[in-house]
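The values are calculated or read from the model by the stated rules, or taken from the named source; none is laboratory data. Since we're looking at a predicted model, the values are computed, not measured. Every residue, glycine as well, gets a Cβ built from its backbone with ideal geometry; the counts of neighbours run over all protein chains shown.
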Amino acid sequence: MDNVKVSYKILIMVIIAAVGMAIVGVRGAVSIQNANEQMARMYEDDMRSVELLGQACEKMRTIQVRSMQVIADASRLEELSKSQAKDIDDMEALLGEYASLAAGDGNDAAVQEMMGYWASFRRSMPAVMSAVKSGGSEAGIAEYDRAARQDTVKLRDSLTALSNATRDAAFEANQQNAADGQSAITLMLITTVVCMIIQLGFSWKLINAIKQPLGIMLHVCDKLSKGNFMVKTAPSDRGDEFGDVQRGLYDMTLAVSKLLKNFSRTTEQIAASSQQLNSSSMESANAATAVAQSVADAATVVIQQQGSVDSGTHSIAAITESVEGISREAAEVSANAEQAAEKASSGNGVVGASVSQIQSVEETVRLTAELVDKLGERSQEIGAIVDTISDLAGQTNLLALNAAIEAARAGEQGRGFAVVAEEVRKLAEQSGMAAQQIAGLIGSIQEDTGKAVDSMNSGRDAVAKGAESVEGLRQVFEEINVLVVQVSDKINHMSRSVAAVARQAEGITSQMNEIDKGAKHVADNMQSISAATEQQSASAQEVASASDALARQAQEVQENLQKFQF
């Protein structure tokens, strides 16, 4: 709900009310329509059926009366026969209409039974007329008692039963209609109550959704009216208009707070700057006064400087001669340094070749040591194989002994097998002795190999130490070469510097003459500078007064800003 626009919230509330009213209206209209249909069916079917059955009963009695009248007065036979025939046709039409109305209402069997009774009745009553016509009243009474009476009772009872059933159906339909009406009323009431509850709940939620953000905004506005611009809450995440207003109020508060902070810092800076400006202006005034005094002193010094310049000119001439001598000696030292650099470079090359040869020897010793190590490993593998052969010889000897024992048990038949077993035993003993000799030789080889490995390791260590020593010697030669090159560079640089000094000494001589001329010009300008300095001192005092006023105004602004919280 917080992210729904207020217009949409009101529209939802209106839609809920409209839907509730539509449900109630549609339900009421459907209930009324059902009641009307049931009333129409009850009137058109049930009541019409009762009416038709009542008229049929009257016609049945009329037909019966016609027959009784003929029995009582045979002279009226023709008249009454025509009337009875017409009544029979009318009753046939009434029963046909009733049968069409009653079709499909659950009484089809009773209707068929009634129509059967009616067929018998419509045959028996004209038969009474025929009996009276042929045999008189007694014959008519006999025919009536024979069939017409029983057919009349059956038809009457059937019509009465159908009429009662139709009335019962109409009563049940009325009861059902009343029950449906009451159910419709109850459902409409429940629907109305539910819609009202939903409407009230949504209205309450809508009121809270409007009231809560308004309360927050009023609280914020009250704090702002009291000068409190400190932002302590996060911006609203609502998506409606109140969320937009809250975020706008939050942004405005944040912007005003930032503005006040910047304004406060600016006023503090203005106050501090005005104080510094005041101090600087006072210092400038004092400095201007001091400058005026210094200018007067400088004029005196300039006059004294002219005499010093003359003495300096003579001294520079002597310096120029000394610099030329130093330049010649520096050229000789530079030549000697270049020769030393060449010797050091040659020695470095020889040492480098020695280092390469020693490294080659070290690599050869390392490879030889690896080969000796592998030889020791192979001798150990051979020793393991010899141990296996010795074990096999022992097992073969044991098998030969067992074979000799079995041959002895076999007697004469096992003598040949015993000879073979003896030969196998001898071969096994010889194999065992040979294996022991090989094991001894392998042990000696392993011992000699170990000594060779130790010797190789010692030689490799000695070669490595020699390589390190030669490498250190090479580094020393490189350092000597670097130092010699540096000395040569410095001597060359010194030669160039001496030449530059000589050139500068000549320039200084000419500049001394210019300084002498300038000193005279400076003395003339000192008086003008003294007057300008006094004017600057007066301006600095005016600036000090203005900065003091600016500091007071900044203090007043800071006092006003203290009324706000930001």
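Values for this structure:
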{"item": "Cβ pairs under 8 Å, 6+ apart, first in segment 52-73 and in contact (Cβ under 8 Å) with a residue 24 or more places away in the chain, second among the acidic types (Asp, Glu)", "result": "Leu52/Glu97; Lys59/Asp87; Lys59/Asp90; Thr62/Asp87; Ile63/Asp87; Arg66/Asp87"}
{"item": "Flag for Ser75 being more than 60 Å from the chain's Cα centre (by Cα), at pLDDT 85 or above, assigned to a helix (DSSP H, G or I) and surrounded by fewer than 14 Cβ atoms within 10 Å (Cβ to Cβ)", "result": "yes"}
{"item": "Extreme residue, surrounded by the most Cβ atoms within 10 Å (Cβ to Cβ), among residues of segment 107-153 that are hydroxyl-bearing (Ser, Thr, Tyr) and over 30 Å from Ala170 (Cβ atoms)", "result": "Tyr144"}
{"item": "Lone unmet requirement of (1) within 30 Å of Ser67 (Cα to Cα); (2) within 54 Å of the chain's Cα centre (by Cα); (3) of a type in the set (A, V, I, L, M) for Ile207", "result": "(1)"}
{"item": "Some residue of segment 85-105 being among the small types (Gly, Ala, Ser), surrounded by 14 or more Cβ atoms within 10 Å (Cβ to Cβ), part of a helix (DSSP H, G or I) and modelled with pLDDT under 90", "result": "yes"}
{"item": "Count of segment 393-419 residues which are hydrophobic (A, V, I, L, M, F, W, C) and modelled with pLDDT under 70", "result": "4"}
{"item": "Residue within segment 237-245 that is on the phi < 0 side of the Ramachandran plot, modelled with pLDDT under 70, basic (Lys, Arg) and surrounded by fewer than 13 Cβ atoms within 10 Å (Cβ to Cβ) present", "result": "no"}
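Residues checked against (1) at pLDDT below 85; (2) small (Gly, Ala, Ser):
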site	(1), (2)
Thr152	no, no
Ala169	yes, yes
Ala173	yes, yes
Gln176	yes, no
Val194	no, no
Leu200	no, no
Ala209	yes, yes
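Rundown of residues vs (1) out of contact with any Pro (no Cβ under 7 Å at 6 or more places or on another chain); (2) in contact (Cβ under 8 Å) with a residue 60 or more places away in the chain; (3) over 19 Å from Gln84 (Cα atoms); (4) not charged (D, E, K, R), yes/no style:
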{"site": "Met115", "(1), (2), (3), (4)": "yes, no, no, yes"}
{"site": "Ser120", "(1), (2), (3), (4)": "yes, no, no, yes"}
{"site": "Ser124", "(1), (2), (3), (4)": "yes, no, no, yes"}
{"site": "Met129", "(1), (2), (3), (4)": "yes, yes, no, yes"}
{"site": "Ala147", "(1), (2), (3), (4)": "yes, no, no, yes"}
{"site": "Asp151", "(1), (2), (3), (4)": "yes, no, no, no"}
{"site": "Leu155", "(1), (2), (3), (4)": "yes, yes, no, yes"}
{"site": "Ala165", "(1), (2), (3), (4)": "yes, no, yes, yes"}
{"site": "Asp168", "(1), (2), (3), (4)": "yes, no, yes, no"}
